[in-house]
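Asks: Quick one: the structure is below, and I'll ask about it shortly.
The values are calculated or read from the model by the stated rules, or taken from the named source; none is laboratory data. These figures come from a predicted structure and were not determined experimentally. Don't worry about glycine lacking a Cβ; one is built from the backbone with ideal geometry, like all the others, and counts go over all protein chains shown.
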Amino acid sequence: MFKVFANEDFQALCSTNTNNHARQRIIASTGPTPFVQVEYDMEEMQRIEKQPTNDNETGPTPDDVLKEVFGVRYGYVRGKGLGYKTSTRGMACGSRNEELNELRMR
């Protein structure tokens, strides 16, 4: 089984790969996302930021641009983590919530 590793062709390939890896200057930091996808997303973000707006409107915020390009999924926006997840902790629901609102009104 391990005869493959002792093969001269395999050893030559390993040596070539080791040398190529040592000469790399750019470290991939996009994880499993291909560079082409990252480039497309960046161009899309720049296009949205440069869209003309009406006189009385301000341009889109960076968070709005991220939401539009990457989308929101279960309160998660890629690049922002769970920053958009609404907290339901401590909130009453249904009829109990209505009762609490009535008590506050008194």
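Asks: Residue pairs, Cβ under 9 Å, 6 or more apart or interchain, first in the stretch 53-71 and on the phi < 0 side of the Ramachandran plot, second among the aliphatic types (A, V, I, L, M) and modelled with pLDDT under 75. List them.
Replies: Listed by first residue and then by second, the contacts come to Asp63/Val77; Leu66/Val77; Lys67/Val77; Phe70/Val77.
Asks: Looking at (1) modelled with pLDDT of 85 or more; (2) closer than 30 Å to Glu68 by Cβ; (3) polar (S, T, N, Q), which is the only condition Thr30 fails?
Replies: Just one mismatch for Thr30, condition (1).
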